[in-house]
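**Q** Take a look at the following structure, please.
Please treat every number below as a calculation from the coordinates, not as lab data. Predicted, not measured: the structure shown is a model, and the values here were computed from it. All Cβ positions, even for glycine, are placed from backbone atoms using ideal geometry, and neighbour counts span all protein chains on display.
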Amino acid sequence: MERFESLDFYRIDDLLTEEQKMVRQMVREFVDEQVLPDIEQHFMDGTFPSEIVPTLGDLGLLGANLEGYECAGLDSLAYGLIMQELERGDSGLRSFVSVQSGLVMYPIHRFGSQDQKNRFLPQLAKGSIIGCFGLTEPDYGSDPSGMITNAVADGDSYILNGNKMWITNGCVADVAVVWAKLDGRIRGFLVEKGTPGYSTTLQEGKFSLRASVTSELHFQDCRIPKANILADADGLGGPLSCLTQARYGIAWGAIGSAMACFDCAKKYALSRIQFGKPIGSFQLVQAKLAEMASEITKGQLLALRLSQLKDAGTMTAQQVSLSKRNNVYWALEIARSARDLLGASGVTHEYPVGRHMLNLESVKTYEGTHDIHTLILGHEITGIPAYK
Amino acid sequence: MKIAVCLKRVPDTATRVRIGGDGKSIDPADVQYIISPYDEFALEEALLIREKAGEGEVTVITVGPEAASKEVRTALGIGADAGVIIQAEVALDPRQIACALVGVLKDRGDDLILFGRQSVDSQGAQVAALVAREMSLPFVNDIISLEIDGAKVRVGRDTDGGREVIECPLPAILGCDKGLNDPRYPSLKGIMAARKKPVETVEAQPVEASLETIELSLPPARPEGKIVGEGPDAVSELVRLLREEAKVI
């Protein structure tokens, strides 16, 4: 396959530092050489490419924006570019890194004790252990505050009971960040693999994110040491602040998927001959490509500005909602349009667009569905929460 | 062990090159530049030697425009300790480049000077040999194995249908080929650390050019294909054309 060419219609590269470009180039080469050759097969087989996890750690891609504990301490723009390049490979790969970085390392880094940080963060950064994040439950998805999973204090322990669902990395995780109610308040707990009363089930039959492990977590009188609570997180704000981190990464990641689809569609349009000329000569095809390029460019500008707000410390969760909602929506539209442009080839694994299209259905739904982000924005605009 | 790695900034091999207005150079607009891929083998080998010895210093040296700092920083991100940019805003011929390098190399006292076997843009494979001659040092090109043995280095190279092993005293100049090693990616920590590593910029010594590029042109467009007919009836005509016109059978 021809080498990927990124779209930079508005010369956003002129705004990047040499270092940020170097980070992007490194991840781009890694994805080209070590992810793309096998990713279609992994997607078909429904397997996560776990062989690349040590490399993710060696390159510093896990928890890349955190300070200390073997983390690189990157700025938000460089972190975003990493997410973009990973998701250009596959949304499942980006999900793995998002979960490890934004949903496991971030809460330990922000809410954990010194002991928890020393114990878990360097290993998570190296990829020698894997983490997962348990918030969603079978009956509580968009409405996490209603969660049933609970913790009860008992001597030196907490006893957890309940079930979590749709948990990325669940079955393969060495440590789970689990959110449960303790005395009616949502609190975070670290549950380690092998703890009696903690088990996982692989969720099979997905047609999306097939190169990513999705699991149920079960807690039945699961006893964990009291030291395993994330002491500084109290209430729904704890997990929501993690989601803000992960959603920030998704806003960038979606651009990667969209660019992969656009690049593929453009090359196909210029090489596929029908009626004696490249299909890129036809107005309907050009309209599709123009729409894709416009929306990718807008998405890049949103993500770029969001990174500046994040580094300035003024970024709001609502601003993240707008970018996640917009960029994923358009990435999915672009993937569908590219699928259409490729004709029958678009439904095969010979091209990446069908895989991206299927993946993005999940990305649109997880980390706050498109509709929930609509309501978050509605709330922000009118002051009236529609989901209460 | 003190090692110098000479690397060149070249257009990305995936770049669609356009000829500039002067007809003698490529149009730099929208061209992405990279470290010449063979030079990556040289850098990787230097890092492996340093790691194996547990000590040593790897310096990357390039002759090029100020913008070549990107390639030097990348090399520092991959693991080199220091960089030198010998500034030259105009294209130099191989001897000018070699003289510029010698200007820096002659006082450094490196044990080993590594190059890629050739750059992927001009593909001249001249500079390393010219530097070796200028410095009166032994030079072996196209190496695919390297072993330091005290004050000597033993290198292997592929020959037609065989393998050649050559030994020479240090210091030596070696041109690295594909197969020597598997170049690593820069790590994020390496990229962040590169910021603090020293990069020195020096002026190239003026040397008269001995070569002049008269003209650059793109390869001619591929002629359109020809359909000679359909089905078994077309076979004899196809064979005739392959024999008489294309002269391939």
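**Q** Based on the alpha-carbon gyration tensor of the stretch B:101-227 and its eigenvalue square roots a ≥ b ≥ c, which shape applies: rounded if a/c is under 1.5, prolate if not and a/b is larger than b/c, or oblate?
**A** Values: a/c = 1.44, a/b = 1.27, b/c = 1.13.
Rounded shape, in that the Cα axes give a/c under 1.5.
**Q** Past the 23 Å Cα-Cα mark, which pairs from B:LYS178/B:LYS247; A:LYS298/A:LYS364; B:LYS152/B:LYS189; A:LYS310/B:LYS189; A:LYS117/A:LYS193; B:LYS8/B:LYS106? Let's see the in-between values first.
**A** Working: B:LYS178/B:LYS247 34 Å; A:LYS298/A:LYS364 18 Å; B:LYS152/B:LYS189 34 Å; A:LYS310/B:LYS189 21 Å; A:LYS117/A:LYS193 18 Å; B:LYS8/B:LYS106 19 Å.
Listed pairs above 23 Å: B:LYS178/B:LYS247; B:LYS152/B:LYS189.
**Q** Please give the calculated 222 nm ellipticity per residue for chain A, where each DSSP H segment of at least 4 residues contributes -39500 (n - 2.57) and the sum is spread over every residue; nearest 500 deg cm²/dmol? All intermediate terms of the calculation are to be shown ahead of the outcome.
**A** Details: 12 runs with 187 residues, N = 388.
Roughly -16000 deg cm²/dmol at 222 nm, from the helical runs in chain A.
**Q** Give the average, rounded to an integer, of partner chain Cβ atoms located within 10 angstrom of each Cβ in B:70-77.
**A** Details: counts 5, 1, 0, 4, 5, 0, 1, 6.
The mean count of partner-chain Cβ atoms within 10 Å per residue comes to 3.
**Q** Through the Karplus equation 6.51 cos²θ - 1.76 cosθ + 1.60, θ set to phi - 60°, convert the phi angles of the stretch B:48-64 into ³J(HN,Hα) values in whole Hz; use x for Gly and Pro.
**A** 5, 5, 4, 5, 5, 6, x, 7, x, 9, 10, 10, 9, 10, 9, 10, x
**Q** Using the Karplus equation 6.51 cos²θ - 1.76 cosθ + 1.60 (θ = phi - 60°), what ³J(HN,Hα) coupling, rounded to whole Hz, does each residue of the stretch A:369-379 give in order, writing x for Gly and Pro?
**A** Here the 3J(HN,Hα) series is 5, 3, 5, 5, 5, 4, 6, 4, 5, x, 4 Hz.
**Q** According to the Kirkwood expression over distinct Cα-Cα pairs, how big is the hydrodynamic radius of the protein assembly as shown, in Å?
**A** Numbers: mean 1/r = 0.0363 Å⁻¹.
Taking the inverse mean of 1/r over all distinct Cα pairs, the protein assembly as shown comes out at 27.5 Å.
**Q** A follow-up question, please. Kindly rank B:235-248, B:42-55, A:248-261 from highest to lowest mean number of other beta carbons found within 10 Å of each residue.
**A** Taking the mean over residues of other Cβ atoms within 10 Å, the ranking is A:248-261, B:42-55, B:235-248.
**Q** If packing is taken as the mean number of other Cβ atoms within 10 Å per residue, what is the order of A:130-139, A:33-42, highest first? Before the final figure, lay out each step's value.
**A** Working: A:130-139: 22.9, A:33-42: 16.1.
Sorting A:130-139, A:33-42 by mean packing, highest first, produces A:130-139, A:33-42.
**Q** Separate question: Can you list residues whose amide H is under 5 Å from B:GLY124's amide H, if they're 5+ apart or on another chain and H is modeled 1.01 Å from N?
**A** It is B:SER119, by chain and number.
**Q** If you filter the stretch A:260-347 for chymotrypsin sites (Phe, Trp or Tyr not before Pro), then keep DSSP loop positions with at most 12 other Cβ within 10 Å, what is left?
**A** Values: sites: A:PHE262, A:TYR268, A:PHE275, A:PHE282, A:TYR329, A:TRP330; in loops: A:PHE275, A:PHE282.
Here the chymotrypsin sites (Phe, Trp or Tyr not before Pro) that fit, given the DSSP loop and packing criteria, are A:PHE275.
**Q** Which angle from 0 to 90°, rounded to the nearest 10, does the C-alpha axis of helix B:94-105 make with the longest principal axis of chain B?
**A** Between helix and principal axis, roughly 20 degrees.
**Q** Moving on. Chymotrypsin sites (Phe, Trp or Tyr not before Pro), restricted to the stretch A:177-231: which are DSSP loop and have at most 12 other Cβ atoms within 10 Å? Each step should come with its number before you reach the end.
**A** Working: sites: A:TRP179, A:PHE189, A:TYR198, A:PHE207, A:PHE219; in loops: A:PHE207.
When the chymotrypsin sites (Phe, Trp or Tyr not before Pro) of the stretch A:177-231 are filtered for loop state and at most 12 Cβ neighbours within 10 Å, A:PHE207 remain.
**Q** I would also like to ask the following. What trypsin sites (Lys or Arg not before Pro) in the stretch B:1-48 are in a loop by DSSP, with at most 15 other Cβ atoms within 10 Å of the Cβ? Present the calculation step by step, with values, prior to reporting the outcome.
**A** Details: sites: B:LYS2, B:LYS8, B:ARG9, B:ARG16, B:ARG18, B:LYS24; in loops: B:LYS8, B:ARG16, B:ARG18, B:LYS24.
When the trypsin sites (Lys or Arg not before Pro) of the stretch B:1-48 are filtered for loop state and at most 15 Cβ neighbours within 10 Å, B:ARG16, B:ARG18, B:LYS24 remain.
**Q** Please list, in chain and number order, the residues 5+ apart from A:MET165 or on another chain whose amide H is under 5 Å from its amide H, with Hs placed from the backbone.
**A** Amide H neighbours of A:MET165: A:THR136, A:GLU137, A:LEU217.
**Q** Give me a single rounded figure for B:187-198: the average over its residues of other chain Cβ atoms within 10 Å of their Cβ. Let's see the in-between values first.
**A** Details: counts 8, 19, 10, 5, 12, 8, 1, 3, 3, 0, 0, 0.
So the per-residue partner count for this stretch is 6.
**Q** Using θ = phi - 60° and the Karplus form 6.51 cos²θ - 1.76 cosθ + 1.60, what ³J(HN,Hα) does each residue of the stretch A:338-347 get, whole Hz, x for Gly and Pro?
**A** For the stretch A:338-347, the Karplus curve yields 5, 4, 5, 4, 7, x, 4, 4, x, 9 Hz.
**Q** Going by the alpha-carbon gyration tensor, a ≥ b ≥ c the square roots of its eigenvalues, is the stretch A:238-382 rounded (a/c under 1.5) or, if a/c is not under 1.5, prolate (a/b greater than b/c) versus oblate?
**A** Working: a/c = 2.70, a/b = 2.24, b/c = 1.21.
Prolate, since a/c reaches 1.5 and a/b exceeds b/c.
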